Amino acid sequence: MDKFSYVNATSLKQVTSLLSDSGWGEVMMIAGGTDLLSELKEYIETPKTLVNLKTLPGMDSISANASGLKIGALVTVADIAMHPTIQQHYTVLAQAAASVATPQIRNVGTLGGNLCQRPRCWYYRDETVNCLKKGGDICYAVNGLSKYHAILGGDPVYIVHPSDIAPALIALNASLKIAGPEGEKTLKVEEFFTLPAANPFRENVLEPNEIVVEVQVPQPKPNTKSFYLKAREKGAPDFALASVAGVFEMTGKTCQTASVVLGGVAPAPWRSAEAETALTGKMINESVSRKAGAEAVKDAQPMNDNVYKVTLTQNLVSRTAMMAVS
Amino acid sequence: MASWGEASQSRLIGKRIARLSGKEKVTGKAKYTFDINRPGILYGRILRSEVAHANVTDLDLTRAEELPGVKAVIPLIEVGRKVRFQGQEIAAVAAETDDIAKDALRLIYIELEELPFVVTEADAMAEGAPQIRDDWKGNQSNPGTNKNGDVEAGFAEAAVTVEATYHTPVQTHVCLETHGHVAEWIDEQNLTVWASTQAVFGVRNDLARRFELPANQVRVITEHMGGGFGSKFGPGVEGHTAAQLSRMTGRPVKLMLTRKAEHLVAGNRPSMTQHVKAGATRDGRLIAYDMRGYGTGGISSGAGFQAPYVYHVPNRRTERFNVAVNAGNQRAMRAPGHPQGAFAMDSLMDELAEKLGMNPLEFRRINDSNEVRQAQYTLGAQEIGWHRRNSVPGSGTGIKKRGIGVGSGLWGGGGGRGTQARVTINADGTVEAVTGTQDIGTGIRTAIAIIVAEELGLSPTDISVKIGDSGPGLPSGGSGGSQTTASVAPVIKTAAAAAKQKLFEHVGPLLQAPVDDLRVGTGTIYVASDRTKTVAWRQATGLLGQESISEGGTWDQELRQGGVAGTQFAEVEVDTQTGHVKVLKIVAVQDCGLAINRLTTESQINGGVIMGLGQALLEERIMDPQTGRMLNANLEDYKVPGTFEIPEIKSIVFDTHRKVTGVGEPPCIPTLGAIANAVYNAIGVRIRELPITPDKVLTALAEKKA
């Protein structure tokens, strides 16, 4: 990696002012570093300054009460996975966190980092391939090898968003607090992520001088069941070929409301309104769940090597729905 | 005639004995080449081509040379030459720190005129493909053809035939410790090299030739090494470079490959594609076999594979050729040519059996003349519960379907001449065994201790085993062909026996007994005809006074034997919704002769099974036809088995005789076919291309449905 200076953060104000003049890439933030370090080592990023966020006070705790969760951006993935309240009432989130990488990475990787991590695309991660995401002319996956690429929302960059936690948070209707030079703002996690059609270079709406500080999750109703299913080639560590975060409010076998958010299949976590509609108000059984799966992928546009992801995603959605009644 | 004696007489040999270096390894105390640090050490790095095919039009090292902390920069390619694969060496640096060395690489100016390339077999064989080797016509080497019997007459006799294409991709070795060396010139004429190698003396001799030194002025040390699998027989460009940089700077240089370079240039198992047609008679005899196949060993040739394999076909015709692509060279890899050949043959056997309506195990029995394997079929089938398999493939109910399959293999592993060893008994009772072999991971260090301890009536931990060092000048061969134990064991045994005999000559007068009436007990020497006459080991060795006993060993053909049979059974569970294959259990029945150490023999089998499983389900070098790059030159997308992939492994040491035979390679052979056949038995769709990943399973299931 190239040389950089290293600054320990003391306050959010200091962080945003350090970031404010630089645009992307000059000054970067580091927390767990599990993604950033590999980008530095591969010269994908070559910042002049790294701001160490771990010295920021008060951003590494989880508070849980009757209205919901507040999770600081510096909370580790492991802490989310192991938190008893999250395991019990926000199961999808605990399961998603537990599915991330390996124990070592979960112990240092943070919530904020997990949401802001960059794509795993093998063209993007190769320094010598100047792909569209890095300012080049083409997305190499289009005519190249696309086994792990997007089947939904790709155009013009066919990466998939690698986060497991993001689909779970969106399915739980979570919000996220962002600090910037003008102060703080809150938006839905769902609105945080963007598609390449809007911005091919970034995966979210964060400005270069903004930082994610907290995630807020409303408490699900008591009759809620939630699950995170992740298909991968290898048990661990492996990113999702496809994943489904499902949150279902159930009365008996009837689904009152459904949240179905897909991971690993689109450049952003992908809410499947079609699958949700297919499940809402229905008695869930084999045929309803199968319909929901089919609906989830009806707009899929697979590439050369990822046709299988259509079937896989469809099956995972059906399986998640069936879990709500089993 | 020398022998290892009866099993009932063995105190140590054949028992389960913990690896002597185990504790050092798991506590991190063991020093691998990567861990070697020398006073004044410099760090070497190699700049490599990122493009697959290009003319080198300019190379300027000046800016790298000028970087403070850089001590030497050398070109590894000349302007005007071609690079012919990604990873090919351009230049190397040595610097005060590894970080400076990395920075220096980025200051080297290289100008390349890119040329058309081919990185896949299909592209290489396509009409109008760019010619990538000057010494070949086209990108294919001349076919090697072989013919036995009358193939046409055979097919005329066949009641059923199967025509199919089987493919295995290029697999890389993935040595946990990457290739590398620490080179240090003691003076202008003496070079010491710590090498991560499976051939200490091979590296010594190669470096001596390269630097025009007498061989005994090069010392190579490999105390511990982190995997070789056939890829670490020589110093390679990186070893020559480390020694060159060290000589230029007069300082020790450590140069270890990056993980990326390890995938790109440090060898691989060639791919295999077989178009095969085979026939069997109604009563289940293989009668005809016609195979045309090829593989790529990268820019080199050598993409051979076994076909047919294990089972006898009287009438056969085979035609094999090599395909060159712009990618790193193949090297020997654990049982070269066998696992891929076994996958194709065992898949074919199942396909034929099904057409005959015959139990695939019964079909194998009919066509397998090897008596050992016949017995293994019985034992393995019993262990896995063969009767539980789906008599109609894919007929299981539910989302997750189970299946059982079988595969077979064979190997040589008989050892050979070329090892020298000494066993020394000192007056204080200590014992040393010295030879120039190296422990590639098979546990030869422990095996040597066991043999010497058995011979002298001591405990393995009493024996100081000195291996992995050419310094003492006791050569041994490279660890290849599963030959190490069978080559070393006879020499160690005869050396220990000779040393014992010498000690007896001192003890005889003390116990007032003829030498041939003396025996070793446990830490004692006694008189066979009067067991009241006994002397403790330390007291006996004390008779040596100022002297030591030091005896060499000799090769003894009678103590070893080659030729092993193996069979494996797999049970898998296939998730038909996700396409994921989980191996539940492998039963590996491995013929192995005399297992010096039953525990490490089982470890060998376990390791082979895991490697075979990786090839069956996960591993594949992925080359991008668009950019010419390997897309998964890392351990994220090049997937090797991890904890979650390891099934229950029942390793059965099937010892059929009391002679030493190596089993380093054979246990990785039958796994592929066993798993592929189990997947078929589970889902009723055959996947003829490895690895069997979820995309292939889901695609196959979708095609079956359609």
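Listed by first and then second residue, the pairs linking a residue in the stretch B:591-615 that is within 17 Å of B:Trp411 (Cβ to Cβ) and in contact (Cβ under 8 Å) with a residue 24 or more places away in the chain to a residue that is of a type in the set (Asp, Glu) and buried (at least 24 other Cβ atoms within 10 Å of the Cβ), with Cβ atoms under 8 Å apart and 6 or more places separating them unless they lie on different chains, are B:Gly608/B:Glu665.
Sub-9 Å Cβ pairs linking a first residue in the stretch B:80-104 that is without any contact (Cβ under 8 Å) to a residue 24 or more places away in the chain to a second residue that is outside any helix (DSSP H, G or I), at least 6 apart or interchain, are B:Asp99/A:Met1; B:Asp99/A:Lys3; B:Asp99/B:Tyr43; B:Asp99/B:Gly69, ordered by first then second residue. If you go through the stretch B:499-523 and pick out every residue that is within 19 Å of B:Ile450 (Cβ to Cβ) and surrounded by fewer than 19 Cβ atoms within 10 Å (Cβ to Cβ), you end up with 4.
Counting just the residues of the stretch A:112-150 that are touching a helix residue (DSSP H, G or I) at 6+ places or on another chain (Cβ under 7 Å) and not in a loop (DSSP other than H, G, I, E, B), which one comes out nearest to the other protein chains (Cβ to nearest Cβ)? Among them, the one singled out is A:Asn114. The criterion of at least 2 residues that are among the hydrophobic types (A, V, I, L, M, F, W, C) and under 29 Å from B:Pro691 (Cα atoms) is met, among strands (runs of 3 or more DSSP E) falling completely within the stretch B:109-170, by B:160-168. Residues in the stretch B:294-333 that are charged (D, E, K, R) and farther than 18 Å from B:Gly230 by Cα were compared, and the one that is surrounded by the fewest Cβ atoms within 10 Å (Cβ to Cβ) is B:Glu319. Residues of the stretch A:93-111 that are within 14 Å of chain B (Cβ to nearest Cβ) and closer than 12 Å to A:Asp35 by Cα: A:Ala101, A:Ile105. Checked against the criterion of being part of a loop (DSSP other than H, G, I, E, B), within 14 Å of chain A (Cβ to nearest Cβ), within 28 Å of B:Arg402 (Cα to Cα) and not acidic (Asp, Glu), the candidates B:Val583, B:Val685 yield just one match: B:Val685.
Residue-level check: of (1) charged (D, E, K, R); (2) within 14 Å of another protein chain (Cβ to nearest Cβ); (3) surrounded by 24 or more Cβ atoms within 10 Å (Cβ to Cβ), B:Arg621 misses just (3). When B:Pro130, B:Pro143, B:Pro169, B:Pro214 are screened for being within 30 Å of B:Ala280 (Cβ to Cβ) and out of contact with any strand residue (DSSP E or B) (no Cβ under 7 Å at 6 or more places or on another chain), only B:Pro169 passes. Within the stretch A:60-96, being among the basic types (Lys, Arg) and touching a helix residue (DSSP H, G or I) at 6+ places or on another chain (Cβ under 6 Å) holds for no residue. Note on the stretch B:334-371: residues that are within 24 Å of the chain's Cα centre (by Cα) and surrounded by fewer than 18 Cβ atoms within 10 Å (Cβ to Cβ) total 0.
So for the stretch A:253-262 (the condition being outside any strand (DSSP E or B), within 22 Å of B:Thr576 (Cβ to Cβ) and modelled with pLDDT of 95 or more), does at least one residue qualify? Looking for residues that are outside any strand (DSSP E or B), within 22 Å of B:Thr576 (Cβ to Cβ) and modelled with pLDDT of 95 or more, one finds none in the stretch A:253-262, hence no. The residues of the stretch A:1-48 that are part of a loop (DSSP other than H, G, I, E, B), among the hydroxyl-bearing types (Ser, Thr, Tyr) and farther than 24 Å from A:Glu214 by Cα, listed by number, are A:Tyr43, A:Thr46. Yes or no: A:Lys234 within 14 Å of chain B (Cβ to nearest Cβ) and not in a strand (DSSP E or B)? The answer is yes for A:Lys234. Scanning the stretch B:1-35 for residues that are assigned to a loop (DSSP other than H, G, I, E, B), surrounded by fewer than 17 Cβ atoms within 10 Å (Cβ to Cβ) and among the basic types (Lys, Arg) gives B:Arg11, B:Lys15, B:Arg16, B:Lys29, B:Lys31. The residues listed here are A:Ala300, A:Ala296, A:Ala258, A:Ala292; of these, the one that is surrounded by fewer than 24 Cβ atoms within 10 Å (Cβ to Cβ) and touching a residue at least 12 places away in the same chain (Cβ under 8 Å) is A:Ala300. Checking the stretch B:692-702 against the condition returns no match, with no residue being within 11 Å of another protein chain (Cβ to nearest Cβ), touching a Ser or Thr at 6+ places or on another chain (Cβ under 7 Å) and part of a loop (DSSP other than H, G, I, E, B). Out of B:Gln539, B:Gln568, one residue alone is closer than 21 Å to B:Asn606 by Cα and not in a loop (DSSP other than H, G, I, E, B). It is B:Gln568. Checking the stated criteria, B:Gly673 turns out not to satisfy the condition of being assigned to a loop (DSSP other than H, G, I, E, B), crowded, with 24+ Cβ neighbours inside 10 Å and away from every other protein chain (no Cβ under 14 Å).
Only strands (runs of 3 or more DSSP E) whose full extent lies in the stretch B:231-314 are considered here, and the ones with at least 2 residues that are within 30 Å of B:Ala72 (Cβ to Cβ) and in contact with a Leu (Cβ under 8 Å, 6 or more places away or on another chain) are B:253-256. Total residues in the stretch A:294-309 satisfying the condition of being at the interface with chain B (Cβ under 9 Å from one of its Cβ atoms), among the aliphatic types (A, V, I, L, M) and assigned to a helix (DSSP H, G or I): the figure is 0. Scan the stretch B:567-593 for residues that are crowded, with 24+ Cβ neighbours inside 10 Å and within 16 Å of B:Ile652 (Cβ to Cβ) and the total you get is 13.
For the stretch B:36-76, residues that are surrounded by 15 or more Cβ atoms within 10 Å (Cβ to Cβ), touching a Phe, Trp or Tyr at 6+ places or on another chain (Cβ under 8 Å) and in a strand (DSSP E or B) total 2.
The values are calculated or read from the model by the stated rules, or taken from the named source; none is laboratory data. Source: prediction; values computed, not measured. Here the Cβ is made from the backbone with ideal geometry for all residues, glycine too, and neighbour counts use every protein chain on show.
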